[in-house]
1. Counting only protein chains, not ligands or nucleic acids, how are Tyr132, Tyr363 ordered by accessible area (probe 1.4 Å), most first?
2. For region 268-376, build the charge dipole from Cβ charges (+1 Lys, Arg; -1 Asp, Glu) around the Cα centre, then report which of Trp296, Asn331, Ala274 sits farthest towards its positive end.
3. Given 20 °C and 1.002 mPa s, how large is the Stokes-Einstein diffusion coefficient of region 255-376 in µm²/s, with Rh as the Kirkwood radius over Cα pairs?
4. Using a 1.4 Å probe on the protein heavy atoms only, what accessible surface does Phe241 show? Give it in Å² to the nearest 10.
5. What's the ranking of 34-42, 165-173, 14-22 by average number of surrounding C-beta atoms within 10 Å, highest first?
6. Pick from Ser248, Ser364, Ser333: which is most flexible by mean-square fluctuation in a GNM of the chain where alpha carbon atoms under 10 Å apart are linked?
7. Taking the Cα centre of region 288-353 as origin, work out the dipole magnitude from +1 charges on Lys and Arg Cβ and -1 charges on Asp and Glu Cβ, in debye rounded to 20.
8. When Lys and Arg each count +1 and Asp and Glu each count -1, what net charge do the other residues less than 15 Å away from Gly8, Cβ to Cβ, add up to?
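The values are calculated or read from the model by the stated rules, or taken from the named source; none is laboratory data. All figures in this text were calculated on a predicted structure; none of them were measured in a lab. Because the Cβ atoms are built from the backbone with ideal geometry, glycine has one as well, and the counts that use them run over all protein chains shown. With ligands, DNA and RNA removed, areas are computed over all heavy atoms of the protein, side chains included. Shrake-Rupley method; radii C 1.70, N 1.55, O 1.52, S 1.80 Å.
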Amino acid sequence: MSEIVISGSGIFTPHESISNQELVISFNRYIREFNQKHAMKISSGRIRALKESSADFITKVSGIKSRFVINKSGILDPSIMFPQIKEFNDEGRSLQGEIGEHAAREALQQASKEPNQVDAVMVTCTAVQNLYPAIAIEIQEVLGATGYAFDMQSACSSMLFGIQIATDAIYHGNANCVLVISPEICTARVCFQDRETHFLFGDAAAALVIEKKESCRSQNAYEILGTKLYTQFSNTVHNHFGFLNQASTRKTKTPSRLFNQQGKKLFKDIVRIASHHIRQHMSHVGIAASDLKRLWLHQANVHINRSISKRVFGRNTNCKESPVILDEYANTSSVGSIISFHKYNDDLEKGDIGVICAFGAGYSVGSVVLKKSTLV
């Protein structure tokens, strides 16, 4: 597997950002208006009064301080509380295709690759905005890449699943160079009226170039020592939105059709599953905890990341060993671990070992063990 490398990474960060304080002002205004509108029902005990939130509460429970978003005005308008997004631009381009292209071009530049040297494009993210044609085929066309392209989803682990599929394709001779892209518009599947989840997500895109080691010309490449995937069914985190909703006999909008989770159970389960997965994967490729220089984790919750890092390293870690970007980006689903990798990898020395790991709904977990390339 070390004959295959990640030769480039790229990200797209939206221009607009929402701080915790801005979000809370909007949320609390909605809460006050709701409680005032339903004062009679609340006083009679038929419904409960909704509880306001605070910026300090959000940071304390999650580590999040702000999030980048595709549309700020709609989210902060108490009468809307949802991003306002055009489905397609005048050229028929999808929004996910546009932000995915931005990330892909940066990844290609870092890898010193031309688009026509790419012979497979994969869009791997939590959800795509249209069933067909595939967003990946759209990006393939715009870039001028060759070969084949397709979309796939595996929640927050999507990019890691994509990395394994890409390495398998190269290993078996079905591709020489693969673009794996995740354009995540997470704010479109959040209930911004829910105190427990309205602050969790942000928007972003990321991309990786994966290719044969022999063709790599990158100045900052990482050899893939191994990939590993794992799934275990759980409905602890779910989103029941899908194309059959329109045909459903249940016409009312329900919270389950947006992001929904059992936070305490998720924390307990995912820390155990992900840390065991990483340790087992490292052992399989002959890497000890003392050999590990960097752990790029999925960015969902700072307390989850600290707990997993401690179990993997066998001690408390610092922000250099296990970087956190969710304070600025919030949870960007499958993009988070790749943003962390993109921003915090060029300081490593040749031969240093790192692990990218993502985990989420399903449950699904994916990891890739990397070694800083000695090619250049």
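1. From most accessible down to least: Tyr132, Tyr363.
2. Positive-end residue among those listed: Ala274.
3. 145
4. About 150 Å², ignoring ligands and nucleic acids.
5. Details: 34-42: 12.9, 165-173: 17.7, 14-22: 15.6.
So the order, starting with the most tightly packed, is 165-173, 14-22, 34-42.
6. Ser248
7. For region 288-353, the charge dipole is close to 280 debye.
8. Details: positive: Arg105, Lys113, Lys212, Lys213, Arg217, Lys343, Lys372; negative: Glu101, Glu106, Glu114, Glu211, Glu223, Asp346.
So the environment of Gly8 carries a net charge of +1.
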